[in-house]
1. Determine the shape class of segment 69-120: with a ≥ b ≥ c the square roots of the Cα gyration tensor eigenvalues, call it rounded for a/c under 1.5, and otherwise prolate if a/b is greater than b/c, oblate otherwise.
2. Spelling out what I want: for every residue of segment 52-64, take phi, set θ = phi - 60°, compute 6.51 cos²θ - 1.76 cosθ + 1.60 (Karplus), and round to whole Hz; glycine and proline get x.
3. Where in segment 48-90 are there GluC sites (Glu not before Pro) that are in a DSSP coil and have at most 11 other Cβ atoms within 10 angstrom of their Cβ?
Amino acid sequence: MVGISPDSPARAGILAHFARARGRTGESDPPMSTEAIGQSFQDIVCQEVQSRRPREGLRAAFATVAREMGITVRRVRACWHHEVRSVAAAEWDAARRVQRRRLEADQARIAAQLAAIEGRLASLRCDL
C-alpha cells in the first residue's frame with residue numbers, strides 16, 4: 001500500500017478529498033494536515049481496539065478491528081504502537097465509518113439505559 005508523504009505532490013489531492021468527505025470545500029475552512037489525519041486515524045483504531053480488548057483480548061481485538069476496517073492486522077498493530085506515517089483515503093473513510101457505527105451503538109445502549117432508569121424513577125414516584 002502506498003501512502004501520501006508530507007512532501008508528495010499528491011498531498012494536495014488527498015487533503016482535498018478529506019475536505020470534501022467532511023463537507024468542507026471553502027477556502028475559509030482549511031483541511032486537516034496529513035500529520036493530523038494520521039494521528040486521528042491511529043487514535044480511532046486504538047479506541048476500537050480498546051473497546052474490544054476486555055471482551056476479546058488484545059490479539060483477537062486486533063483481528064476484529066482489521067476485519068471491520070478492511071486493513072491488515074499488522075496495520076492495526078502499527079496504529080496501536082503509533083508507527084503509522086501515512087494514511088490512504090480509503091483507510092480514513094473506513095475508520096470513520098467504523099467509529100460512527102460504534103458511537104451510534106453506544107448512543108442507543110445509553111438511551112435504553114436512560115429509559116429504564118426513567119421508568120424506575122417514575123414507578124418510585126408513584127409509590128411515594
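1. Details: a/c = 4.48, a/b = 2.94, b/c = 1.52.
It is prolate, given that a/c is not under 1.5 and a/b is the larger ratio.
2. Per residue, the Karplus-derived 3J(HN,Hα) values read 9, 4, x, 7, 9, x, 5, 5, 5, 5, 4, 5, 5 Hz.
3. Details: sites: GLU48, GLU56, GLU68, GLU83; in loops: GLU83.
Filter output for segment 48-90: GLU83.
Coordinate-derived values only; no laboratory data. Since this is a predicted model, take the numbers as computed values, not measurements. Don't worry about glycine lacking a Cβ; one is built from the backbone with ideal geometry, like all the others, and counts go over all protein chains shown.
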